Structures are given as C-alpha cells and as structure tokens.
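Please read the structure below before turning to the comments.
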2 protein chains.
Amino acid sequence: MNIRVAIDCMGGDHGPSVTVPAACTFLEQHREASLILVGLEEQIRPHLPGGRESDRLRIVHATQVVEMHEAPALALKNKKDSSMRVALNLVKEGEADASVSAGNTGALMATSRFVLKMLPGIDRPAICPQLPTFHGHTYMLDLGANVDCLPEHLLQFGIMGAMMAAALDHKDNPSVGLLNIGEEDIKGNEVVKAAAELLAASDLNFIGNVEGDGIFKGEADVVVCDGFVGNVALKAAEGVAQMLGRGIKEEFGRNLLTKLAAVIAWPVLSHFKRRIDHRQYNGALLLGLRGISVKSHGSADRFAFGKAVERAYEAASNRVVERIAQRMASMHPQPVTDEGTP
Amino acid sequence: MNIRVAIDCMGGDHGPSVTVPAACTFLEQHREASLILVGLEEQIRPHLPGGRESDRLRIVHATQVVEMHEAPALALKNKKDSSMRVALNLVKEGEADASVSAGNTGALMATSRFVLKMLPGIDRPAICPQLPTFHGHTYMLDLGANVDCLPEHLLQFGIMGAMMAAALDHKDNPSVGLLNIGEEDIKGNEVVKAAAELLAASDLNFIGNVEGDGIFKGEADVVVCDGFVGNVALKAAEGVAQMLGRGIKEEFGRNLLTKLAAVIAWPVLSHFKRRIDHRQYNGALLLGLRGISVKSHGSADRFAFGKAVERAYEAASNRVVERIAQRMASMHPQPVTDEGTP
C-alpha cells in the first residue's frame, strides 16, 4: 500500500532546513511511502540531495507562508496559497493520505477544520498526542484545541481516542479513562461528572477516573480531558522533567569527583535519555476531521519532525479516520428504509 | 515568641506511630515551640519518650477518629470529639496558634471551615502547598479544594498566595501568575480570561499567564488556578517524576556493568534525590480561614510529617492569617465616618 504524505515544509521554527532533510530520511526508511513537499520551491530544492525530485518525492509550490504568530483567522482569510493550506488541500482532493505541519497551532487547527471539515457526529477537533507511560504509551486528548468543553465533547474525545488506540496499537477494546481529581467526595467539576455518566453509558471500555499521575502510570489506553486541563497537565509534566534533567546535570557537574562519576554513569544515563526522549513522541493528530492532519512541535529538529511524519504515515496506513467515521456512524444510525424514511 | 501547634495525632495512614515521634523530633529542633498532641491518649502515650508530657508537650484526649474515607459531612455531624476537630477547636479558642492533620482532606476542609470560619472577603478556602522550582520554590493554589471557581475566587487566591509568599519568604511584592495555556489566540477559558482582568486591575504584582512548565521554572512566586486544574497538574508532575525515577533505577539495574556504574554514581544520585525529595514539601496550608490549618499527606512518614509541623510553625510565626486579613481589609474598606455612614 502506497501512503502519500503531504508536508508543509515552511512551518516551524526552522522551516525547510529541518523539514526537507527529515522528509528525505523518512523516505529512505519507508519504502512504501511517497512524499509531497509543499512550500516555496526555491527554498525547498536546495535541501534535496542533488536538488532532484523522484517518483516518490515531488515538490508542490505554494507562494505563501503562515507566520508562527499570525492570527488564525487572518491566515485563513489572507493566505489561501500558504504551504499549510495547500498541503491540506492535497489531502482533501485525495492527492495525499495525510499532511504534517510544524506551523502555528491555531492556524493549523482553523485551516484543517476549514479545508477537511468535521466528521459527522463530531463537534470539534481535538489534539491527540501519544505520551510515554511506565511501560508503554497512552493517548491523551484534548491537548489544547478546546478550552471550554461540554460533556458531549468529552464523550466524542473518548470515542476518537479509543479508535486511535484500536487502529495504531491493534487493541480490540482499548480502555478509556476520564482525567479527574481524587480529593474529597465532590469528585470533579460539573462537566466532568456529566461526562463520566455519558462515558459509562456508552459502549466504550470506560474504566472511570484517572488522576494526573495515572496518565503516566498507564492506567488507561486513552485519557480524556478538556483542552485547558490537558495542556496544563502536559506542560507541567514537561516542566518537571526538565527540572529533574537539569538537576541531575548540576549534581554531576558539582566537583571533580562527581564529574568522574558522570563519566562512568554516562552510558547508562544517555541510554535512559534516549529512552525517554520526548522527541520520539512528537506529532499529535488533530482528530475528528475528514482527513489526517498532524501537528509537529514548532521547535522540532530533524529527528522529531521525522517522528511526526511517521505518525501521519501510521495513522493513514491504519485508517484512523475511517475507523472513527465508522464508529460514529454506528452510534448515529441513519438507515434508509424501503419507504425512504429514517 | 512561643508558638503552639496542635497536632491531630490520629490522622494519616500510620497514626500515632508516625505523628508522635515526628512531633518529638520537631520539638527538639524548635526551642521556641510547644506542641499539643490530640487524640486517643492510650495510643499516643506509648510513643512518647518515657511516656511523659512536659511543659512544652501535652496530650489532649479526644475520643473519636475521622476515618480516611469517611464522608466529610458525616464526620462533621457525627464526630464532634474527633482528634481533627479538637485540634482545630484549640486554634479557635486561642489555645494553639496552628493545627496540623494528615487526615481525610475533605473532612479537614469541611471541619476547618466550620470551626475556624472564613476571613472577611474570602469566599472559599484554598489548598496552598509550596512546590520546588529550578532555583527555589513557588506557592500554588488552589490544589483541589475548589473544582468550580469564579474569577473572583481566583483573585482571592492571588491575594492569599501573595500574602503567603510575603510572610514566609519576606518578599515585598511577590509576583503572581495565572495558570493558563499558550495555544492559539484564544488563550484560556472564560473564567481564566475574566480572572486575568481582575488580577491586572488589582494592586498585586500580576505578571500575567504562566503555562504548566512555568510553574517549575519558577516564573512566578505564586501561581493561581482552580482546584481541578491545580490538582491534575500537580499529580501529573508527580507521575512524571516517579516515572523518571523508576526509569533511572531500571537503567542502572540492567546488567553487571550498569550496576557497577550505579555504585559509583550512587553518592551523586542520592544527593540529588535528597535535594528533590518531595517529602520536604509536605504540608499545605488551607488558606482563607481565621486560623492556621495545615494538611499533611496521608502517607507521610516521620520526616514528611515533621515538615508539615514546621510549615504550620512557620506560618504562625510569620502571621500569615493576619497578613491576609489586613490585605483583605485594605481592599474592602469599611470606614465609619463621623456621621456613622460608610
């Protein structure tokens, strides 16, 4: 199966100097993939080996670039030929199976939604990354697209996340947890309480509440939350990880003895560092759309951006969008009888 | 200045076997403190050296114990002679300057509020721990007492947190940040947006938004959030720290070579472990009350429980409650003019 991924080469902090080499490396590693590099051709071509396209790699010129801090509404209105939008258009037109961008999150959300449209039964797209756990990984959504959610939205996130885990990890009945707090008898706010009822009444494998630490203990295959809480939790986790990493570095740099210890501990620590490297988890799907749009960190380097491309490829190969669409259709049956009435 | 701390000896997972020895150690280290040990006398006395009270240490018998999973409303109604409640009564009656409990959080919140009452101008108590940052510490509130907050509550949290930092860290004008997300142009939910306006209009040193990672980068002396988000963020941070700690242990235990490396790295790593030991941060103030009530982790060991007692002692010595009361009074002036009208 040939999977075609469109890449917004202009997005992110580094643009084509990162995205194009990452794309070339990806292509070497994935013989069944082909890529479409979208953006300013004169900036993309110098980063191609020999400057040449191939039957698995072509350039599609786009004349505009969405800036990292541009207002989403303005990008949508004024940049109809941006690399971001053209890449998404390729997905919409069936020229590509997925697209990846390291550009402005707000603009990518708005443009993805405008170009690809929502799946029937889904009200809002959700940002869904894979996160590391003690012994594997979990999917968490939403990570920042929706700051004020209704219980119904959280239910939809649960369905989308479950289909994501089913598709990518080949799990028959992935467990779904609701991010909540464990304090007191008043567990959770009103929205979360109502969402718990909806999730429990659904046919998802709902395991109930997951607290903040439960995300990383891998208590559920999918963790559902609104975008405000999800974003804060993820960034708090990143902050602590950075603090600990920096602290370990400081300890080993303290004096001659500790520096000697560092030399000996280095192989172990660097193996650990590779293992927990957050760049491995780069690439969050925008779920709920009629096509695959993957958001890479703006600061991604070649390795990280390659991972985001891989995520898009995996999502397309495993037909994540079709899975969500089917599940939604089975929940909202619209049968047409002989009489033509529903 | 003699500071008197009342200790609920029966609370927590371990009861008097932890709380009483921790109290005795605290007393040795703080010559200006005296302690009142509250609970079942026959269970407390065996843990006292020589079984003896002194002029700085006495037992107050209380016949009931609030269970760890007892409903707060039932504890409040049925356990009027619980160790938790008697300790708080001592604060209310001026017999003690602060109280500490490792008991049931919900019951402690409800009982503290019922016994001590709220300060004028404060609607709800907030749980406020000290958290470690890259180069010091920060105060974050609320950590779980209030799951649905109005913007006014977040403003009140800001005032209380600022007074806490002013009192305990002797900062003239502590910086206050609002926990928020940085994605897109729609920053934050409706409550947070309105809270930002209130904080900006106040005379606090409001520095604007802080994202999840900013908590641990120490971007603000005080970080304000609702109890749902705060609780999730803190626990997510704890979960990641545990995951990393466990991962490092696994790496060093992998084979003979890594175990040898561990022996050499051990002094450095254990020094680091002590430095970031979360037990050091045990003891969260319930702010907004007319007296000091400190919540210890239920699972606290002697060292950790001692830290919570220390926190209560520091808060009382530095007159945190009076500071908050004064600040609130200055914001809500109720002058009586010659005419007797406000």
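The values are calculated or read from the model by the stated rules, or taken from the named source; none is laboratory data. Just so it is clear, the model here is predicted, and its values are computed rather than measured. In this analysis, Cβ positions are derived from the backbone assuming ideal geometry, glycine residues included, and neighbour counts consider all displayed protein chains.
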*asked:* Looking only at the stretch B:304-325, how many residues end up being farther than 21 Å from B:L35 by Cα and in contact (Cβ under 8 Å) with a residue 40 or more places away in the chain?
replied: 3
_Residue satisfying all of: in the stretch A:1-58; charged (D, E, K, R) and not in a loop (DSSP other than H, G, I, E, B); surrounded by the most Cβ atoms within 10 Å (Cβ to Cβ) among these_ = A:D8
*Go through the stretch A:24-58 and give me each residue that's of a type in the set (S, T, Y) and within 15 Å of A:A6 (Cβ to Cβ).*
A:S34
*Answer yes or no: is there a residue in the stretch B:257-280 that is closer than 23 Å to B:F303 by Cα, more than 7 Å from chain A (Cβ to nearest Cβ) and at pLDDT 85 or above.*
yes
*Considering only the stretch B:269-303, how many residues are in a helix (DSSP H, G or I), within 20 Å of A:V240 (Cβ to Cβ) and either out of contact with any Asp or Glu (no Cβ under 9 Å at 6 or more places or on another chain) or without any contact (Cβ under 8 Å) to a residue 12 or more places away in the chain (or both)?*
9
*asked:* Residue under question is A:V66, and the condition is that it be within 14 Å of chain B (Cβ to nearest Cβ) and crowded, with 16+ Cβ neighbours inside 10 Å; does it hold?
replied: yes
*Could you list all residues from the stretch B:102-155 that are of a type in the set (A, V, I, L, M, F, W, C), within 11 Å of another protein chain (Cβ to nearest Cβ) and closer than 20 Å to B:A237 by Cβ?*
B:I127, B:L131, B:F134, B:M140, B:L143, B:A145, B:V147
*Kindly indicate whether A:N104 is of a type outside the set (D, E) and surrounded by fewer than 24 Cβ atoms within 10 Å (Cβ to Cβ).*
no
*Which of the residues spanning the stretch B:79-99 are without any contact (Cβ under 8 Å) to a residue 40 or more places away in the chain and part of a loop (DSSP other than H, G, I, E, B)?*
B:K79, B:K80, B:D81, B:E93, B:G94
*State the number of residues belonging to the stretch B:190-214 that are within 14 Å of chain A (Cβ to nearest Cβ) and within 25 Å of the chain's Cα centre (by Cα).*
10
*Within the stretch B:150-166, can one find any residue that is surrounded by fewer than 21 Cβ atoms within 10 Å (Cβ to Cβ), in the same structural domain as B:G212 (by TED's automatic domain parsing), small (G, A, S) and not in a loop (DSSP other than H, G, I, E, B)?*
yes
*asked:* Can you report the number of residues in the stretch B:293-311 which are under 18 Å from B:H170 (Cβ atoms) and either surrounded by 22 or more Cβ atoms within 10 Å (Cβ to Cβ) or of a type in the set (G, A, S) (or both)?
replied: 1
*Given (1) touching a residue at least 40 places away in the same chain (Cβ under 8 Å); (2) closer than 19 Å to B:H137 by Cβ; (3) part of a helix (DSSP H, G or I); (4) not polar (S, T, N, Q), where does B:G214 come up short, assuming only one miss?*
(1)
*Identify all residues within the stretch B:130-146 that are crowded, with 24+ Cβ neighbours inside 10 Å and not in a strand (DSSP E or B); write none if there are none.*
B:D142, B:L143, B:G144, B:A145, B:N146
*Given the residues A:A162, A:A102, A:A166, A:A194, which is the only one that is out of contact with any helix residue (DSSP H, G or I) (no Cβ under 7 Å at 6 or more places or on another chain), of a type in the set (A, V, I, L, M, F, W, C) and touching a residue at least 24 places away in the same chain (Cβ under 8 Å)?*
A:A162
*Please enumerate the residues belonging to the stretch B:220-256 that are more than 8 Å from chain A (Cβ to nearest Cβ), hydrophobic (A, V, I, L, M, F, W, C) and either more than 30 Å from B:I181 (Cα to Cα) or part of a helix (DSSP H, G or I) (or both).*
B:L256
